[in-house]
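Asker: Let me give you the structure first, and then I'll get to my questions.
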Amino acid sequence: MTIALTLLLTSTLVGLATSFYFRVWTLMLVSPLIAVLAAIVLQSDGYAFATGAPIVVACLAFNQIAYLAGALLSPENDGSIAQEIDGIPDRRREHKVHSQNE
């Protein structure tokens, strides 16, 4: 049981840390890594497929919920995804374009 809770906590922290430093597309790389590593850890600890699979699914869900919570709580979030859709740079990137922002 300690292994399962440790995996859930680790997945949550990875999702939160990912939200602060990377975009949502990073979840496509992080999620399979979490699933594979959790499956390896659970298999080596003697968990059967029927008990290990729900834990892996929970790890992925906790990871993505933590990513969403971190992205919403981020100070750089202005509550709109319009800039992302339109291709207009947000505040983090505009200050680096000196000739156009002056």
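Any read-out appearing in this document is the output of simple, stated calculations on the displayed coordinates, not a laboratory observation. Nothing here was measured: the structure is a model prediction, and the numbers come from that model. Glycine also receives a Cβ, built like all others from the backbone with ideal geometry; neighbour counts cover every protein chain displayed.
Asker: Nearest 0.05, what FRET efficiency do residue 68 and residue 9 give at R0 = 22 Å with Cβ-Cβ as r?
Answerer: After rounding, the FRET efficiency stands at 0.80.
Asker: What is the gain in length, in nm to one decimal, between residue 43 and residue 21 on full extension, counting 0.36 nm per residue of separation less the C-alpha to C-alpha distance?
Answerer: In short, 4.8 nm is gained.
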